[in-house]
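Following: one structure in structure tokens, then a few remarks.
The values are calculated or read from the model by the stated rules, or taken from the named source; none is laboratory data. Fair warning: this is a prediction, and the values are worked out from it, not measured in the lab. Cβ atoms come from the backbone with ideal geometry, glycine included; neighbour counts cover every protein chain shown. The accessibility values were calculated without ligands, DNA or RNA, using every heavy atom of the protein model including side chains. Shrake-Rupley method; radii C 1.70, N 1.55, O 1.52, S 1.80 Å.
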Amino acid sequence: MTVRVETARFDPGAETNAFLAAGKGAGAAVTFTGVVRSLPDDPVTALTLECYPELAINQLTAIVEQATTRFGLLAATVIHRYGTLAPGEPIVQVMTLSPHREAAFRGAEFLMDYLKTDAPFWKQETGPGGTHWVEAKAEDDAAKARWE
């Protein structure tokens, strides 16, 4: 189990390759990489994520441990960045290994639903109209509710 909260840009492919190389005995691996999006009708020039790294690491470690136990994962990694990021840059990577695909998918979805709703990161988007805080979304809360 690995949790990293950092400002440095990471290489999703290299992270995936390293994760897979350590996954002896796994029958399934799931990797999700979230990137800063900027849409033509809603352009974003920067996304700033704020956090208290120690708090974030402690909370993410607890949820990764919960996912590992709940879904019988062989391994799980969460990498989450903070600071100011540009469109197209990776923000988060979640990787899970398990003996079978269902557990790997469910573990990754569980972790992402937690990250979208309860992880201690605060987001500001900057675009042509200025800077604003990103508000919670009802659909993210609904996705998380399925795990209760």
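With the helix formula -39500 (n - 2.57) applied to DSSP H stretches of n ≥ 4, the chain reaches a computed 222 nm mean residue ellipticity of -11500 deg cm²/dmol. Run the Debye formula on the Cα coordinates of the range 40-121, all scatterers equal and no solvent, and tell me log10 I(q)/I(0) at q = 0.19, 0.26 1/Å. Taking Cα atoms of the range 40-121 as identical point scatterers yields -0.83, -1.21.
For residue 48 and residue 17, the difference between the fully extended length at 0.36 nm per residue and the C-alpha to C-alpha distance is 8.4 nm. Beta bridges assigned by DSSP with both partners in the chain are antiparallel in approximately 85 percent of cases.
Of the residues 38, 98, ranked by 1.4 Å probe accessible area with the largest first, the sequence reads 38, 98.
Ordered from highest to lowest accessible area with the whole protein assembly present and a 1.4 Å probe, 60, 39 read as 39, 60.
Dimensions of the range 48-90 based on its C-alpha atoms, expressed as ranges along the principal axes with the largest first, amount to 36, 23, 10 Å.
For the range 43-59, backbone phi angles converted through the Karplus equation (6.51, -1.76, 1.60; θ = phi - 60°) give residue-by-residue couplings of x, 10, 9, 7, 10, 10, 10, 10, 6, 9, x, 5, 4, 4, 4, 4, 5 Hz, Gly and Pro being listed as x.
Using only Cα coordinates, the Kirkwood hydrodynamic radius of the chain works out to 15.9 Å. With protein chains left intact and a 1.4 Å probe, residues in the chain average 55 Å² of accessible area per residue. Cα-Cα pairs above 19 Å in the range 14-70: how many percent? So the pairs more than 19 Å apart make up 59 percent of the total in the range 14-70.
Computed from the C-beta positions of residue 138 and residue 69, the FRET efficiency with R₀ = 30 Å rounds to 0.55. When the chain is described by a simple charge dipole with +1 on each Lys and Arg Cβ and -1 on each Asp and Glu Cβ, the residue from 107, 48, 127 located farthest towards its positive end is 107.
Ranked by solvent-accessible area (1.4 Å probe, protein heavy atoms only, all chains present), the residues 50, 148, 6 order from largest to smallest as 148, 50, 6.
Take residue 37: with every protein chain present and a 1.4 Å probe, its accessible area is about 140 Å². The apolar share of the surface of the chain, taken as the fraction of accessible area on carbon and sulfur atoms (1.4 Å probe, ligands and nucleic acids excluded), comes to 52 percent. Annotation: amide H-H contacts under 5 Å for residue 3 (H modelled 1.01 Å from N, sequence separation of 5 or more, or interchain): 78.
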